[in-house]
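The values are calculated or read from the model by the stated rules, or taken from the named source; none is laboratory data. Fair warning: this is a prediction, and the values are worked out from it, not measured in the lab. Here the Cβ positions follow ideal geometry from the backbone for every residue, glycine too, while neighbour counts run over all protein chains shown. Heads up: the accessible areas ignore ligands, DNA and RNA and are worked out on the full protein's heavy atoms, side chains in. Shrake-Rupley method; radii C 1.70, N 1.55, O 1.52, S 1.80 Å.
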Amino acid sequence: MAHSAALPSSRPTTAPGYTSETTCCIVGGGPAGAMLALLLARRGIRVTLLEMHKDFDREFRGDTVHPSTLEILDQIGVIGRLMQLRHGKIFAPTIQAANAPFAPFDLRRLHIKYPYILMVHQKFLLEILTEEAARFPNFCLEMGANVTDLIQENGEVRGVRYVSEGGEHELRATLTVGADGRFSHVRTLAGIKPVGTSPPMDVLWFRLARPPDDPLAAGGAFGGIGKGHMVVALDRFDYWQVGYVILKGSYQGVRAEGIDGLKRHILDIVPQLAKHLDSLTDWRQISLLSVESSFCPRWYLPGLLLIGDAAHVMSPIGGVGINYAIQDAVVAANVLTRPLLSGNLSISDLKAVQAKREWSVRFIQFFQSQVQKRVVAAALQSQQLLSVPWYVRAFFHIPYVRDWPSRVIAYGLVRVHVEN
Ligand SMILES: Cc1cc2nc3c(=O)[nH]c(=O)nc-3n(C[C@H](O)[C@H](O)[C@H](O)COP(=O)(O)OP(=O)(O)OC[C@H]3O[C@@H](n4cnc5c(N)ncnc54)[C@H](O)[C@@H]3O)c2cc1C
């Protein structure tokens with residue numbers, strides 16, 4: 001895979017301590033950064049993408065590509081490559097409730113071009129986006145480039161300092177974009193403080209064996225909730241990626257019950273996993289993740305913009321984080337392409353990006369926080385398996401209204417398209 005195609009002015013060298021220059025420096029090669037880099041590169045803007053890791057293969061990443069993102073990928077002509085990869089499709093995921101299985105949304109009812117959530121390993125999506133960007137000579141990707149500082153002059157951000165194999169470097173830029181995820185270093189360096197939006201939870205994250213012809217794989221994902229626990233299983237073809245959600249701070253109690261106690265709790269709510277659990281034998285197979293969600297009151301400073309999780313850490317509820325990160329990138333490219341091309345970027349352009357995105361993000365975070373407080377936290381505190389009340393089931397039978405959850409999952413509050 002070609003990882004870089006640089007303009008003379010932004011070409012990295014192997015000499016330590018070099019200074020280079022570009023128009024837009026993007027920190028972080030996740031969905032937000034990779035998409036923004038591609039969209040700006042295809043409009044002829046000089047863009048350098050700095051990613052601290054040497055590849056895109058990361059364990060703690062979601063794999064769900066929603067209809068909104070599939071339409072964007074279609075618009076920019078890369079959907080074919082994605083569809084050629086090994087993938088799964090989720091149309092209507094099912095929750096194992098005490099009274100009867102329950103599907104909170106069914107995308108097939110929307111009559112849209114891509115009525116499903118595509119499950120594809122995120123590293124392939126990121127490779128496709130960056131390989132596509134590398135077709136443009138004004139794009140440069142530097143892997144293994146860890147941004148350590150912002151260059152600030154006269155109250156404006158003018159680029160970054162970073163460390164890579166070649167040593168310490170400076171990259172000066174008209175615009176610096178922090179797309180460096182939930183623990184954003186750029187955000188911290190800029191002094192922007194996120195505000196929590198949901199009560200934090202803990203997740204035990206591990207793999208379970210998946211036989212090639214596993215009948216559980218038919219829906220692509222499934223889960224159960226109640227009796228103090230929640231299990232979500234995502235089909236990753238060769239294995240099941242399992243998230244076991246617990247109340248914040250209850251990990252020591254789970255650990256004290258041992259691996260067998262953990263397996264018992266999982267089987268209590270998802271008995272279908274009995275055979276699969278044989279492959280879970282040691283705590284070293286399990287990672288403990290803290291799940292938080294937050295929102296930055298301000299996403300910009302002169303010369304700097306935050307997008308994706310750097311601006312708003314998304315809770316895993318609904319599996320929408322990748323898609324909101326990509327929507328941020330699309331809106332940023334729609335708004336900023338012209339000012340960047342003309343050399344007239346002003347702070348009002350950066351403000352416009354936040355204004356166009358913030359209500360969509362606030363809306364979905366409110367929705368996630370309600371689900372987290374009213375459904376997840378309540379079910380974790382209950383000793384029963386979650387039971388879906390009759391009026392909730394009735395709601396999902398009302399024509400048109402029943403499609404709202406599917407629309408929100410598919411597109412969010414506002415549908416986003418590439419404008420140029
Ligand atoms: C356990 C878990 C499961 C999830 N599951 C899903 C799911 O199924 N579906 C979904 O849509 N969302 C899911 N999410 C949320 C989703 O992963 C994020 O919302 C999404 O990845 C945000 O994209 P991003 O581009 O903003 O940031 P990220 O994907 O976090 O990318 C940021 C990038 O910046 C790089 N970086 C960080 N610091 C620096 C630095 N100093 N210098 C250079 N590079 C740097 C990182 O290496 C990383 O590649 C999940 C999150 C968690 C924690």
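In this label model, Gln370 and Ser279 are separated by 3.7 nm, measuring between points 7 Å along each Cα→Cβ vector. Heavy-atom surface analysis with a 1.4 Å probe gives the chain a carbon and sulfur content of 56 percent of its accessible area. Please work out the C-alpha center-to-center distance from segment 359-418 to segment 92-111 and express it in whole Å. Measuring centre to centre over Cα atoms gives 12 Å.
Accessible surface computed residue by residue for segment 342-397, with neighbouring protein chains in place and a 1.4 Å probe, gives 59 Å² per residue.
At q = 0.23 Å⁻¹ the log10 of I(q)/I(0) for segment 82-186 amounts to -1.29, computed by Debye summation with a single uniform scatterer per C-alpha, solvent ignored.
Volume per residue of the convex hull around the Cα atoms, evaluated for the chain, comes out as 141 Å³.
Between the beta carbons of Ser382 and Arg362, assuming R0 = 41 Å, the FRET efficiency works out to 0.90 to the nearest 0.05. Once the chain from Val392 to Ile347 is taken as fully extended at 0.36 nm per residue, the excess over their C-alpha distance is 11.7 nm. Working from label points 7 Å from Cα in the Cα-to-Cβ sense, the Gln252 to Ile76 distance is 4.7 nm.
With a threshold of 31 Å on the Cα-Cα distance, the over-threshold entries among Lys89/Lys227; Lys113/Lys356; Lys54/Lys263; Lys123/Lys193; Lys113/Lys263 are Lys54/Lys263; Lys113/Lys263.
With the simple model of a label 7 Å out from the Cα in the direction of the Cβ, Glu168 to Ser290 spans 2.9 nm.
Each residue of segment 41-47 was assigned a 3J(HN,Hα) from its phi angle through the Karplus expression (A = 6.51, B = -1.76, C = 1.60, θ = phi - 60°), giving 4, 5, 8, x, 8, 6, 9 Hz with x at Gly and Pro.
Springs between Cα atoms under 10 Å define the GNM used for the chain, and in it the highest mean-square fluctuation of Asp238, Asp180, Asp149 occurs at Asp238.
Within the chain, the longest run free of exposed loop sites, counting GluC sites (Glu not before Pro) that sit outside DSSP helix and strand states (H, G, I, E, B) and have at most 14 other Cβ atoms within 10 Å, spans 258-418. Calculated accessible area for segment 65-149 comes out at 38 Å² per residue, all protein chains present (probe 1.4 Å; ligands, DNA, RNA ignored). Dipole of segment 160-234 computed with +1 at Lys/Arg Cβ and -1 at Asp/Glu Cβ about the Cα centre; of Pro194, Pro215, Val231, farthest Cα towards the positive end is Pro194. Accessible surface calculations at 1.4 Å, restricted to protein heavy atoms, place segment 170-325 at 39 Å² per residue. Using the alpha carbons alone, the radius of gyration of segment 325-420 stands to its Kirkwood radius in an Rg to Rh ratio of 1.17. Among Gly249, Gly29, Gly321, the residue with the largest mean-square fluctuation in a Gaussian network model of the chain, with springs joining Cα atoms closer than 10 Å, is Gly249.
What is segment 58-117 by shape, rounded, prolate or oblate, if you read a ≥ b ≥ c off the alpha carbon gyration tensor as root eigenvalues and call it rounded for a/c under 1.5, prolate for a/b larger than b/c, and oblate otherwise? Judged from the Cα gyration tensor, segment 58-117 comes out oblate (a/c at least 1.5, b/c at or above a/b).
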